[in-house]
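Here, each number is a calculation from the coordinates, and none is a lab measurement. Everything numeric in this text was worked out from a predicted model, so none of it was measured. Virtual Cβ from ideal backbone geometry, glycine too; neighbours counted across all protein chains shown.
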Amino acid sequence: MLIGILGAGQLGRMLALAGYPLGLRFRFLDPAADSPARWLGEFLHAEFTDQSALARFARGLDLVTFEFENVPVEAVEFLAARVPVFPGAKALREAQDRLAEKTCFQACGLEVHDFAPASTRVEFDAAVASLGLPCVIKTRRMGYDGKGQAVARVPADADAAWNRLGSHPLLIEKFVPFAYEVSILAVRSRTGEVAFYPLTQNTHEGGILRTSIAPAPRETPELQSRAEGYAARVLDALNYVGVLAIEFFVVEDPSHPSGVRLLANEMAPRVHNSGHWTIEGARTSQFENHLRAIAGLPLGSATLREGVARAAMLNLIGRSPPVADLLRLPHAHAHLYGKEERPGRKIGHVTMCWSSPGDVDRGMTEARRLLLPHDESGA
Ligand code: AMP
């Protein structure tokens with residue numbers, strides 16, 4: 001089976017690495033000549049908007065997927081007329097626009113924090129006034145890794161945010177004083193089979209994911225099943241095939257029967273950075289399960305691997321210490337994406353798995369001490 005992947009970044013690279021043992025082959029299309037996945041299959045260097053390149057890309061493929069959620073929907077529709085594409089254009093369209101995404105969450109019965117769209121200064125001022133300060137101002141499209149957003153704590157911040165971002169349609173959100181952040185990775189196959197990974201607890205620095213720990217140390221069976229229920233509804237509503245990630249804020253609320261509220265912030269219609277730990281920590285990685293799902297194969301177990309009580313992932317952002325230093329960390333697995341070092345850029349990650357949950361704090365402290373003096377998050 002020859003699978004086409006739109007985007008040839010690190011996610012495409014890890015998809016291919018997971019797919020070769022299943023006998024799958026890959027063809028990538030990416031506008032960047034030096035993409036991390038270019039050595040892992042056929043590589044077409046072209047813009048996503050180049051229809052003659054898309055037609056050449058599609059020729060002979062069994063199916064198409066994407067590893068980048070800002071691929072133009074038109075490119076996916078163009079390809080879908082020639083070859084099956086999973087997940088489809090609908091999921092991509094919903095996830096690309098923060099307003100459509102939040103509306104989809106609400107329609108599926110997920111709890112979300114208050115928000116309001118704004119395209120004009122009048123709408124912006126009204127949204128900020130009704131939501132109150134602090135609030136978070138985000139461009140509706142093309143924002144990721146903290147790009148295209150600002151926190152307004154005083155009126156002057158809102159003014160500055162409007163001056164910087166107001167030429168784009170915006171979404172204004174209430175600032176959520178969350179206790180911590182989690183994500184759920186869910187996968188649904190072409191036959192409707194579903195699997196859910198354990199909730200992952202994430203920390204962000206400057207809007208960029210820095211660490212993930214799974215299962216989330218403060219996870220409870222009730223929180224896990226609430227997140228699974230939410231994800232199942234979104235998978236069904238989008239008739240979704242593949243891995244879907246949903247990020248949540250966990251807010252302490254004594255008036256809630258469980259003591260916490262789970263507010264859906266955003267989703268990614270693809271494999272996700274907060275699931276990289278699954279390569280070493282789960283019985284089947286998110287990458288393999290995405291491929292199984294889109295290829296119509298049975299899904300693999302999404303539970304922790306035998307002997308793993310907890311897994312943690314630390315992103316290398318901007319710069320990386322020499323690989324030998326990474327490997328000196330006990331239990332560390334290094335993943336370097338072959339990207340040039342640049343501030344704010346994800347260039348690799350390290351995963352560590354422990355058989356005792358108590359070792360995580362010690363392990364992560366040691367990892368940060370060894371790895372973070374070298375790196376520049378650009379934050
Ligand atoms: P996003 O691009 O929406 O995932 O935002 C990136 C990160 O910014 C989130 O993971 C949070 O850490 C923070 N953030 C985003 N929106 C809010 C909000 N409404 N309230 C508080 N923090 C937020």
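Applying the criteria of a DSSP loop state and at most 14 other Cβ atoms within 10 Å to the GluC sites (Glu not before Pro) of region 271-315 yields GLU306.
Label-to-label distance for THR203 and HIS256 is 2.2 nm, based on points extended 7 Å past Cα in the beta-carbon direction. Taking the dipole about the Cα centre of the chain, with the C-beta of Lys and Arg at +1 and of Asp and Glu at -1, give me whichever of VAL234, PHE124, PHE48 is farthest to the positive side. Working it through, the farthest residue towards the positive pole turns out to be PHE48.
Only four residue types carry charge here, +1 at the Cβ of Lys and Arg and -1 at the Cβ of Asp and Glu. Report the dipole size of the chain about the Cα centre in Debye, rounded to the nearest 20.
Values: 40 positive and 43 negative charges, 122 e Å.
Here the size comes out at about 580 debye.
Estimated at 0.36 nm per residue, the fully extended path between ARG25 and GLU77 surpasses their Cα-Cα distance by 16.5 nm.
Summarising the label geometry, the points placed 7 Å from Cα in the beta-carbon direction at ALA232 and TYR180 lie 2.5 nm from one another.
On a full-extension model of 0.36 nm per residue, what is the gain between ARG283 and LEU336, subtracting their alpha-carbon distance, rounded to one decimal in nm? Each step should come with its number before you reach the end.
Numbers: separation 53, 0.36 × 53 = 19.08 nm, distance 2.19 nm.
Answer, rounded to one decimal: 16.9 nm.
Note on region 171-296: dipole from Cβ charges, positive end direction compared against GLY296, ILE208, SER255; the farthest Cα belongs to GLY296. Taking the three principal axes of the alpha carbon atoms in region 238-328, the coordinate ranges are 50, 36, 31 Å, sorted in descending order.
Length gained on full extension, VAL151 to ASN163, computed as 0.36 nm times the residue gap minus the Cα-Cα distance: 3.0 nm. Loop-resident chymotrypsin sites (Phe, Trp or Tyr not before Pro) (DSSP state other than H, G, I, E or B) in region 30-84 with no more than 12 further Cβ atoms inside 10 Å of their Cβ: TRP39.
Between ASP114 and SER356, what is the FRET efficiency for a Förster distance of 41 Å, r being their Cβ-Cβ separation, to the nearest 0.05? Efficiency computed from Cβ-Cβ geometry: 0.50. Computed from label points 7 Å out along Cα-Cβ, the spacing between HIS45 and LEU327 is 3.0 nm.
Its relative contact order, with pairs defined as Cα atoms under 8 Å and 6+ residues apart, puts the chain at 14 percent.
A simple charge model with +1 on the Cβ of Lys and Arg, -1 on the Cβ of Asp and Glu and nothing else charged puts the dipole of region 52-189 at about 340 debye relative to its Cα centre.
Distances longer than 14 Å among the Cα atoms of region 86-128: what percent of all pairs is that? Everything past 14 Å amounts to 58 percent.
Going by the alpha-carbon gyration tensor, a ≥ b ≥ c the square roots of its eigenvalues, is region 12-98 rounded (a/c under 1.5) or, if a/c is not under 1.5, prolate (a/b greater than b/c) versus oblate? Rounded.
Could you put MET313, MET364, MET14 in order, starting from the residue whose Cβ has the fewest other Cβ atoms within 10 Å? Present the calculation step by step, with values, prior to reporting the outcome.
Details: MET313 30, MET364 17, MET14 26.
Going from sparsest to densest Cβ surroundings: MET364, MET14, MET313.
Our note on the geometry: Cα centres of region 147-170 and region 261-279, 26 Å apart. Give the total of Lys-Lys pairs in the chain with Cα-Cα distances below 20 Å; include a pair only if its members are 8 or more places apart or on different chains. Qualifying lysine pairs in the chain: 9.
Pick out which of THR211, THR139, THR103 has the largest mean-square fluctuation in a Gaussian network model of the chain, springs linking Cα atoms closer than 10 Å. Residue with maximal mean-square fluctuation among THR211, THR139, THR103: THR103.
In debye to the nearest 20, how big a dipole does region 200-258 give about its Cα centre with +1 on each Lys and Arg Cβ and -1 on each Asp and Glu Cβ? If you can, show how the numbers build up before the last one.
On the way: 4 positive and 8 negative charges, 23 e Å.
Roughly 100 debye for region 200-258.
If you look at the Cα atoms of the chain, you get an Rg and a Dmax of 20.3, 58 Å.
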